[in-house]
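Novice: My structure is below; once you've seen it, I'll send some questions.
What follows is calculated from the coordinates using simple rules that are stated; it is not laboratory data. What you are looking at is a predicted structure, and each value in this text was computed from that prediction instead of being measured. So basically every Cβ, Gly included, is an ideal-geometry build from the backbone, and we count neighbours across all protein chains shown.
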Amino acid sequence: MSTVAWEFEPGDYFRGKKALVTGAAGFLGSHLVDKLLAAGCRVVGVDNLSTGNLANLRAALKNPLFSFIKADVTENLVLEEDFDFIFHLASPASPVDYRRLSIETMLVNGLGTKNLLDLALESQAVFLLASTSEVYGNPLVHPQPESYWGNVNPIGPRACYDESKRFAEALTMEYHRRYGCDVRIARIFNTYGPRMRLNDGRVVPNFISQALRGEPLTVYGNGRQTRSFVYVADEIEGLLRLAAAPHAAGEVVNLGNPEEKSILEFAQLVARLVGVECVIEYKELPPDDPTRRCPDISKAQKLLGWQPKTPLEEGLRATIAFFKQELRLPGEENKD
Ligand code: NAD
Ligand code: UDP
């Protein structure tokens, strides 16, 4: 299917508007904040800093269009202003984080989502939910279209994330049906780039930091499970398009990269780009780890004129440069 041409200029949609971004100090949230500010949008960022880092907002905090509130969105948020857009990104996202913060994850996606939907109703704001490819669980359909209902273990160790995101989606759609709230749901697939936390346990920071330290790369299981990786700049562009599209109210859209790679291939690629021999240490596969994951993005292409642009090697080089800086390795300026 061909891409629908949409000359999308963020300033046309966000300049002079006001946005609330939850999870603003996180990986995706902080990049979203920067893009909104660059488009001339006023932004209020909320974060409880449970997995985020204020350093991600270093540039934003110097911008007079930005203000930051340290708060937990599961608690009563008193914000005495209206918003045009609410981007609800707050939630642990790495499997290691959401195991450690399992009940907090369920609450931020349950109660937190309700609080923000109420705020969206009061403000008559566009509400965008950051959902996840994990709603498909261990999918039996490849690639996964939005119409697929998924294959999720409701009582397994990933359920705190998968099922709470499914609940968040259902609640979001009920606010749309019952109250006419203008909602949009992004099903985000594995996203990588600068500002990922070095020790968040996800495969991208693990492999890059291991390769940079000259350690073996830890592959869980036999490494034949697949993922598809999208670069953060592309993902943020997708989120902005989804929030801005005049014709996307009530829509759920996959935002990911349809280029599927096995984890073993991915390890070899990271090692090559870092310039080290690929030494693998095999470890146990975590329970319920999805075997294959790959988005069908034809809806995003048609509805939003969106598809990822950044080649994996190019995005990984930028990410490796960032992690070199984080590890204080010589030879890299912080380009982030
Ligand atoms: P992240 O952990 O870097 O950011 C999440 C942020 O939310 C953190 O700054 C954290 O402190 C904050 N937060 C958590 N609970 C909160 C609460 N109760 N109140 C206020 N703030 C809270 O993760 P990320 O990768 O930036 O993910 C952002 C969103 O995108 C999440 O909703 C995640 O589920 C979704 N997502 C991300 C990916 C990905 O590959 N990065 C994939 C699918 C979905
Ligand atoms: N993985 C791995 N080694 C690691 C970290 C993760 O082999 O050091 C695997 C993990 O089992 C999964 C894939 O890489 O199959 C992606 O894991 P990640 O935690 O990044 O995200 P997920 O897609 O599982 O949420």
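Novice: Just the residues that are under 20 Å from ASN115 (Cα atoms), touching a helix residue (DSSP H, G or I) at 6+ places or on another chain (Cβ under 9 Å) and away from ligand 2 (no atom under 16 Å from the Cβ), please, taken from the stretch 19-45.
Specialist: ALA19, LEU20, VAL21, THR22, GLY23, ALA24, ALA25, GLY29, VAL43, GLY45
Novice: Return the only residue of GLU260, GLU277, GLU265 being surrounded by fewer than 19 Cβ atoms within 10 Å (Cβ to Cβ), within 16 Å of ligand 1 (Cβ to nearest atom) and not hydrophobic (A, V, I, L, M, F, W, C).
Specialist: None of the other options fit; the residue is GLU260.
Novice: Check off (1) without any contact (Cβ under 8 Å) to a residue 24 or more places away in the chain; (2) among the aliphatic types (A, V, I, L, M); (3) within 16 Å of ligand 2 (Cβ to nearest atom) for ALA93 and give me the number that stays unchecked.
Specialist: (1)
Novice: Before we move on, is THR191 buried (at least 22 other Cβ atoms within 10 Å of the Cβ), under 21 Å from SER262 (Cα atoms) and among the polar types (S, T, N, Q)?
Specialist: Taking the combined requirement at face value, the residue satisfies it.
Novice: So which of ARG224, ARG202, ARG241 ends up being touching a residue at least 40 places away in the same chain (Cβ under 8 Å), in contact with a helix residue (DSSP H, G or I) (Cβ under 8 Å, 6 or more places away or on another chain) and within 11 Å of ligand 1 (Cβ to nearest atom)?
Specialist: From the options ARG224, ARG202, ARG241, the qualifying one is ARG202.
Novice: Which residues, taken from the stretch 117-131, are out of contact with any Cys (no Cβ under 7 Å at 6 or more places or on another chain) and buried (at least 22 other Cβ atoms within 10 Å of the Cβ)? Even if it seems obvious, please write down each step before you answer.
Specialist: Residues of the stretch 117-131 out of contact with any Cys (no Cβ under 7 Å at 6 or more places or on another chain): 118-119, 122-126, 128-131.
ALA125, VAL126, LEU128, LEU129, ALA130, SER131 - these are the residues of the stretch 117-131 that are out of contact with any Cys (no Cβ under 7 Å at 6 or more places or on another chain) and buried (at least 22 other Cβ atoms within 10 Å of the Cβ).
Novice: Yes or no: the stretch 184-193 includes at least one residue that is within 22 Å of the chain's Cα centre (by Cα) and more than 23 Å from THR51 (Cβ to Cβ). Outline the logic, then answer.
Specialist: To start, the set of residues in the stretch 184-193 that are within 22 Å of the chain's Cα centre (by Cα) comprises 184-193.
Checking the rest, the ones that are also more than 23 Å from THR51 (Cβ to Cβ) come to 184.
So far as the stretch 184-193 goes, yes, one or more of its residues are within 22 Å of the chain's Cα centre (by Cα) and more than 23 Å from THR51 (Cβ to Cβ).
Novice: I need every pair where a residue in the stretch 168-191 that is in contact (Cβ under 8 Å) with a residue 40 or more places away in the chain has its Cβ under 9 Å from the Cβ of a residue that is part of a strand (DSSP E or B) and charged (D, E, K, R), sequence separation at least 6 or different chains.
Specialist: Close Cβ pairs satisfying both conditions: GLU169/ARG187; THR172/ARG184; VAL183/GLU251; ARG184/GLU251; ILE185/GLU251; PHE189/ARG227; ASN190/ARG227.
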